[in-house]
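J.: The structure under discussion is supplied below as structure tokens; questions concerning it will follow.
No lab work stands behind these numbers, since they all come straight from the coordinates. If you're wondering where the values come from, they're calculated on a predicted model, not measured in any experiment. A quick note on method: Cβ atoms are made from the backbone with ideal geometry, for glycine too, and the neighbour counts reach across all protein chains shown.
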Amino acid sequence: MSAGVLLAGGLLAWIWLGRGPAEKGGIHDVAADADIPPAAVARVERRNVGSTLAIAGEFKPFQEVDVHAKVAGYIRQIYVDVGDHVKEGQTLAVLEVPELAAQVTGSEAAVRAAEQQIRKAQGDVQRAQSSHAAAHSAYVRLKQAADSRPGLVAQQDIDDSQAKDLETEAQTASAEAELAAAKQQLEVSQANQKQYSAMSNYTRIVAPFAGVITNRYADTGALIAAGTSSSTQAIPVVRLAEISKLRLVLPIPESVVAQIHLGDPVKVHVQALDQEIEGRVSRFADSLDVQTRTMETEIDFENRSGHLMPGMYTETRLSLREKKNALTIPLEAVSRNGEDSTVLAVNAENVVEERKVRLGVEDSTRVEVLSGLNEGERVIIGNRSEYHNGEKILPRDVSSAVKAGSES
């Protein structure tokens, strides 16, 4: 019996001695793994990354003006009302200006009088020239006779003939001056006539461009002050807007104005219509508003169908930059401090390394890495404060989950 007990005891001892070290090592490994913190990591991958700006905007007419009268008068007839579509040059209203009609008639009469004065002055010039020619010929003949036969002609007659010659010469010059003055008076009268005729044409108020009447300020019989008057009573007749083409006006923040270029693509969601439309940047102010620190940027949209209306609000996504096949990491991996950016990279031994990186284009989920990381390397995402440089971690690769989330 004692031999059996000893044999059983020896067998148990052999089993315990043979398995003890393995079991002890396994317990140690589990305890060591429990001390290593897990961390979610993502790989540095090549992706297409683009920078977009989401901003609210508002449609405005391509052109919009208040149409004033050039001259003061009563509205004799107004032909348009709110909502009417008009063509360029179409008559909108006609004014009654009695005093202007009298001025036009007076200017026409002044032109006719100036023309008659010219004809009279031309006749006076011709008579003066004829008298001068006769007096000058008589003086020349007397002078020649006196020179050829001294004493034949009295000196008094020669002097009288010379005086007559000089007198008619002066009369000719005076008549020519009167003719020149008459011509100048005609020019003045004609200028006045053109002015009053032009002012008379302004009694017909026309559309400066094709569009729609959005407001009517006056009715038939209303007294309209001239639009050039500084009086506060100078109200417009109608408001005209061109809506066959609209401007979408966007206030671009100062931080991204340097990235705005003519022709940049724009995607616009019109809330009222629940419709997506596309356009391109048509123009920008190239100057910041000192109050809002924004730059006004405009996109033109054709609207011949009229389905868009001025005043409609939009949600606009402006593509600023796009990079194909760029080296990227998730935004959650980056820590920024001013202009400096760092990531927590994980090396082949699963040890954390804090690295400085230089970043490029970014979108809503990823950012381009210009330097500091290589393709395929791993970076910690999430709560960076739980890890420090040189610490060993247990990585959990979530690259596929991050990719699926960004694509959704």
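J.: For a test of the definition: using alpha carbon positions, the gyration tensor, and the 1.5 limit on a/c, classify region 225-312 as rounded, prolate or oblate.
T.: It comes out oblate by the Cα gyration axes.
J.: Let me ask something else. Tabulate in residue order the Karplus-calculated ³J(HN,Hα) for region 350-363, using 6.51 cos²θ - 1.76 cosθ + 1.60 with θ = phi - 60°, rounded to whole Hz; enter x for Gly and Pro.
T.: 6, 9, 6, 10, 7, 10, 7, 10, 10, 9, x, 5, 9, 10
J.: Now for a separate question. Got a sec? Which residues in region 35-66 would a label at TYR217 touch, if it sits 7 Å along Cα→Cβ and we count backbone N under 18 Å?
T.: Hits in region 35-66 for TYR217 at 18 Å: 63-66.
J.: Express in nm, to one decimal, how much length is gained between VAL249 and GLN144 on full extension, taking 0.36 nm for each residue of separation and deducting their alpha carbon distance.
T.: Length gained between VAL249 and GLN144: 28.4 nm.
J.: Magnitude of the Cβ-charge dipole of the chain, K/R +1 and D/E -1, about the Cα centre, nearest 20 debye?
T.: My answer is approximately 560 debye.
J.: Please give, to one decimal in nm, the separation of the simple spin-label points placed at SER385 and ASP340, each 7 Å out from Cα toward the Cβ.
T.: 1.9
J.: Which lysines, if any, have their Cα less than 27 Å from the Cα of LYS323, not counting same-chain residues under 8 positions apart?
T.: By straight Cα distance, LYS323 reaches LYS267, LYS356, LYS403.
J.: List the residues, sorted by chain then number, that are 5 or more residues from THR52 or on another chain and whose placed amide H is less than 5 Å from its amide H.
T.: Long-range HN contacts for THR52: LEU320.
J.: Follow-up. Which length gain, in nm to one decimal place, applies between GLN129 and ALA170 when the Cα-Cα distance is subtracted from 0.36 nm times their residue separation?
T.: Net length gain for the segment: 13.8 nm.
J.: I want the local charge near GLY338. Using Cβ-Cβ distances under 14 Å, sum +1 for each Lys or Arg and -1 for each Asp or Glu among the other residues.
T.: Taking every Cβ under 14 Å from that of GLY338, the sum is +1.
J.: Most fluctuating residue of ALA42, ALA173, ALA207 in a GNM of the chain with Cα springs under 10 Å: which is it?
T.: Of the options given, ALA173 has the highest mean-square fluctuation.
J.: Continuing with this model, one more query. If the reach is capped at under 17 angstrom between alpha carbons, list the aspartates and glutamates near LYS164, excluding any in the same chain fewer than eight residues apart.
T.: By straight Cα distance, LYS164 reaches no aspartates and glutamates at all.
J.: Subtracting the Cα-Cα distance from 0.36 nm times the residue separation, let me have the gained length for ALA234 to ALA56 in nm, one decimal.
T.: 60.5 nm
J.: Here is a follow-up. Which log10 I(q)/I(0) values does the chain give at q = 0.13 Å⁻¹ under the Debye formula, counting every alpha carbon as one identical point scatterer?
T.: For the chain, the Cα-only Debye profile gives -1.15.
J.: Using θ = phi - 60° and the Karplus curve 6.51 cos²θ - 1.76 cosθ + 1.60, what whole-Hz ³J(HN,Hα) does each residue of region 88-99 get, with Gly and Pro shown as x?
T.: Residue by residue, region 88-99 yields 4, x, 5, 6, 9, 7, 10, 9, 9, 10, x, 5 Hz.
J.: Reachable aspartates and glutamates from LYS120, Cα under 17 Å, same-chain residues fewer than 8 places away excluded?
T.: Cα-Cα hits under 17 Å: GLU176, GLU178, GLU187.
J.: Among ASN347, ALA135, ALA145, whose Cα sits farthest toward the positive end of the charge dipole of the chain (+1 at Cβ of Lys/Arg, -1 at Cβ of Asp/Glu, about the Cα centre)?
T.: Result: ASN347.
J.: Rounded to whole Å and ordered largest first, report the semi-axes of the equivalent ellipsoid of region 294-375 derived from its Cα gyration tensor (root of 5λ).
T.: In descending order, the three semi-axes are 42, 13, 11 Å.
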